[in-house]
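What follows is a short report on a single structure.
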Amino acid sequence: MASKTIPKKSRRPTIPTKALRVRIFNKIADGVSVRKLCEDKRLPTRDMFYKWLREYPDFAEEYRMATELRADVLVDEMMDIADDDSLDIIIDTEADEGARVKADQIKVARAKVKIDTRKWVAARMAPRKYGNNVKVEAENKHDHSGGIDIRIVDYSEVELDDGN
């Protein structure tokens with residue numbers, strides 16, 4: 001009688017080894033979300049991933065850098081979406097005056113939503129690079145401790161020269 005071997009249940013990683021970190025952060029930099037990434041049974045669960053972020057400062061720093069790189073991927077995708085006009089038109093064969101080309105407003109609107117979403121996400125992943133906030137710094141080097149001179153002039157009675 002042959003003995004049956006029961007396959008071992010593969011366990012998810014519990015320690016962020018260097019090789020595992022490289023694999024994880026390359027995927028994140030390529031645009032894979034943490035949620036999607038953690039669906040892979042060979043990678044940590046989302047709970048474990050976020051635990052590593054809290055417990056390992058170097059892991060958190062690598063994640064920050066990977067998300068900044070992912071923002072660059074999103075910007076590349078925005079360019080591709082904006083440049084792809086292959087689905088922007090419809091040929092209306094039922095028009096009275098023959099076939100007519102017109103814009104497919106639904107596909108154009110969908111492309112705009114895709115671009116706007118990526119723009120919003122990129123601004124949060126790399127705010128210094130893609131954020132909308134402009135930081136203005138000014139330094140006032142003038143001494144304004146003196147008084148202000150105000151002069152009121154009434155020009156209502158003055159005749160204006162119209163240039164003739």
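The values are calculated or read from the model by the stated rules, or taken from the named source; none is laboratory data. Small disclaimer: the values here were computed from a predicted structure and weren't measured. Here Cβ is always computed from backbone atoms with ideal geometry, including for glycine, and neighbour counts include all displayed protein chains. For accessibility, only protein heavy atoms count, side chains too; no ligands or nucleic acids. Shrake-Rupley method; radii C 1.70, N 1.55, O 1.52, S 1.80 Å.
In the stretch 55-83, the residues that are open to solvent by 70 Å² or more (accessible area, probe 1.4 Å) reach residues that are of a type in the set (A, V, I, L, M, F, W, C) with C-beta atoms within less than 7 angstrom, at least six apart or across chains, in these pairs: Glu68/Met125; Glu68/Ala126; Leu69/Ala29.
If you go through the stretch 24-49 and keep only what is open to solvent by less than 20 Å² (accessible area, probe 1.4 Å) and under 12 Å from Arg11 (Cα atoms), you end up with Leu43, Pro44. The single condition among (1) closer than 20 Å to Leu74 by Cβ; (2) modelled with pLDDT of 90 or more that Glu39 does not satisfy is (1).
Given the criteria open to solvent by 100 Å² or more (accessible area, probe 1.4 Å), modelled with pLDDT of 85 or more and not hydrophobic (A, V, I, L, M, F, W, C), does Arg128 qualify? Taking the combined requirement at face value, the residue does not satisfy it. In the set Ile115, Ile91, which member is modelled with pLDDT under 90 and either more than 30 Å from Ile24 (Cβ to Cβ) or part of a loop (DSSP other than H, G, I, E, B) (or both)? None of the other options fit; the residue is Ile91.
Screening the candidates Leu43, Leu69 for the property of being assigned to a helix (DSSP H, G or I) and either of a type in the set (Asp, Glu) or at negative phi (or both) yields one hit, Leu69.
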